[in-house]
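Chemist: Would you mind keeping the following structure in view while I ask a few things?
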Amino acid sequence: QVRLVESGGGLVQAGGSLRLSCVASVSVIMLNRMGWYRQAPGKQRELVATVTTDGRTNYADSVKGRFTISRDNAQNTLYLEMGSLKPEDTAVYYCNGFKYPVNYWGQGTQVTVSS
């Protein structure tokens, strides 16, 4: 069983920055892929960014150039640096860890961007 615990959400003005963290209960090296997803009210959960064990990253078009995903293997932690935030980035952000064939999810952290 893998536990993922997010932190770092909050309220920020448009144009501001936040850093989300996700601490895993296992070595992140054991996870094939980790990522961040988000879900806004009334919408489906969507991919924000992912990073594989070998460091390959993937971003949603809506966040490219503004968000950066990274992982600290020594700290078993996944990060999401978010900059130039927009009101449309408001959502609950979920940490995801994939260890074949199971997806693991954190409890989510709220990010609210005011205009």
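The values are calculated or read from the model by the stated rules, or taken from the named source; none is laboratory data. Treat the numbers as computed from the prediction; the structure is a model and nothing was measured. No Cβ is skipped: glycine too gets one built from the backbone with ideal geometry, and neighbour counts run over all protein chains shown. Side chains included, ligands, DNA and RNA excluded: accessible areas come from the protein's heavy atoms. Shrake-Rupley method; radii C 1.70, N 1.55, O 1.52, S 1.80 Å.
Chemist: Filter segment 92-114 for residues that are among the hydroxyl-bearing types (S, T, Y) and out of contact with any Phe, Trp or Tyr (no Cβ under 7 Å at 6 or more places or on another chain); which is farthest from V28 (Cα to Cα)?
Modeler: The qualifying residue farthest from V28 (Cα to Cα) is S114.
Chemist: Another question, then. I want to confirm something. Restricting to segment 41-56 and keeping residues that are within 14 Å of the chain's Cα centre (by Cα) and surrounded by 14 or more Cβ atoms within 10 Å (Cβ to Cβ), which single residue is farthest from V111 (Cα to Cα)?
Modeler: Per the stated criteria, the residue is T52.
Chemist: Go through (1) part of a loop (DSSP other than H, G, I, E, B); (2) in contact (Cβ under 8 Å) with a residue 40 or more places away in the chain; (3) of a type outside the set (D, E, K, R) for G55 and report which single condition fails.
Modeler: The single condition G55 does not satisfy is (2).
Chemist: Any chance segment 1-21 includes a residue that's without any contact (Cβ under 8 Å) to a residue 60 or more places away in the chain, open to solvent by 30 Å² or more (accessible area, probe 1.4 Å) and under 13 Å from the mean Cα position of the chain (by Cα)?
Modeler: Scanning segment 1-21, I find no residue that is without any contact (Cβ under 8 Å) to a residue 60 or more places away in the chain, open to solvent by 30 Å² or more (accessible area, probe 1.4 Å) and under 13 Å from the mean Cα position of the chain (by Cα), so the answer is no.
Chemist: Another question about this same structure. Out of the residues in segment 87-110 meeting the condition of being among the charged types (D, E, K, R) and surrounded by 14 or more Cβ atoms within 10 Å (Cβ to Cβ), tell me which one is nearest to the chain's Cα centre (by Cα).
Modeler: It comes out as D89.
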